[in-house]
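The values are calculated or read from the model by the stated rules, or taken from the named source; none is laboratory data. Remember, predicted model here, so these are calculated numbers, not experimental data. Note that we place each Cβ from the backbone using ideal geometry, even for glycine, and neighbour counts take in every protein chain shown. For accessibility, only protein heavy atoms count, side chains too; no ligands or nucleic acids. Shrake-Rupley method; radii C 1.70, N 1.55, O 1.52, S 1.80 Å.
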Amino acid sequence: MKKERNSADYSPPHPRRVQKPMADRLAFFISGLSSPFVVITGFALWVIAYYSPSLQQCILLSFPFVLLIIALPFVWIYTGVRRGRFTDIHVMLREQRAEPFVVATIGAIILTGIYSAIRAPHPIIVMAANLVVNGLLFGVLTQYWKASMHAASFAAGVLIAAIMIDTRLAVLGALLPLIVWARIRRKRHSVAQTVGAVVIACVSTVLVCKVLGLG
């Protein structure tokens, strides 16, 4: 005799998870790796390590950078998300980006002052000054246009590395099309917003380096 199933023992089948296309997963991965927090930190610490004659000085110069350029804006944004001022940690809405830019730029100004006061190697001071200039530039620009900070940060980082460490590092710029593709694929930016941000970041970085005696 067929055993009657108790309705209490029955559980409906779990809905099948929809697998995202490989291209979407790749775009998500590339966007994560090219986050301004990751890119700016990576290139800056590279330059700091290159010009530091000792591990002790490298740590001394890295600490205020991480504190003022990475930790301060991140904590500010994270707190803003928790309090409802920002929609997400990436601050996707252009209208919400002004405040984080102000905080990051103030941090860069303080960092430049600290590096100048302790007489850090000149290229490191220039690197900090470039953060101030680009922070001001993109802070004003973001009031009218949603430029891609992923693309801009990577482009500026490659230029800084090529100018301050080795010109052959400019080959890293070959990765830029991947970042542009990822941001467009994820519908975060348009072609103009990514390519335009790269051009602006490159021009401003080259000008800052030339005016301050590099390049």
- Task: Answer with yes or no whether I184 is within 25 Å of L61 (Cβ to Cβ), open to solvent by 50 Å² or more (accessible area, probe 1.4 Å) and either modelled with pLDDT of 95 or more or of a type in the set (A, V, I, L, M) (or both).
- Result: no
- Task: For the stretch 204-215, name all the residues that are open to solvent by 50 Å² or more (accessible area, probe 1.4 Å) and either within 10 Å of A155 (Cβ to Cβ) or not in a helix (DSSP H, G or I) (or both).
- Result: L212, G213, G215
- Task: Test T194 against the criterion of being of a type in the set (S, T, N, Q), without any contact (Cβ under 8 Å) to a residue 24 or more places away in the chain, touching a helix residue (DSSP H, G or I) at 6+ places or on another chain (Cβ under 6 Å) and buried (at least 16 other Cβ atoms within 10 Å of the Cβ), and give yes or no.
- Result: no
- Query: Between a first residue in the stretch 169-183 that is among the charged types (D, E, K, R) and a second residue that is open to solvent by less than 30 Å² (accessible area, probe 1.4 Å) and at pLDDT below 95, which pairs have beta carbons less than 6 Å apart while being 6 or more apart in sequence or on different chains?
  - Reply: R183/S148; R183/H150; R183/H189; R183/T194
- Query: Right, Y51: on the phi < 0 side of the Ramachandran plot, in contact with a Pro (Cβ under 7 Å, 6 or more places away or on another chain) and among the hydroxyl-bearing types (S, T, Y) or not?
  - Reply: yes
- Result of the Cβ filter at 9 Å on the stretch 79-101, keeping first residues that are at pLDDT 70 or above and partners that are basic (K, R) and open to solvent by 60 Å² or more (accessible area, probe 1.4 Å), at least 6 apart or interchain, is T79/R85; E99/R85
- Query: Mind checking which residues of the stretch 55-70 are open to solvent by 40 Å² or more (accessible area, probe 1.4 Å) and either not in a helix (DSSP H, G or I) or not β-branched (V, I, T) (or both)?
  - Reply: L55, Q56, Q57, L60, F63, L67
- Test Y115 against the stated conditions and say whether it is modelled with pLDDT under 95 and not small (G, A, S). no
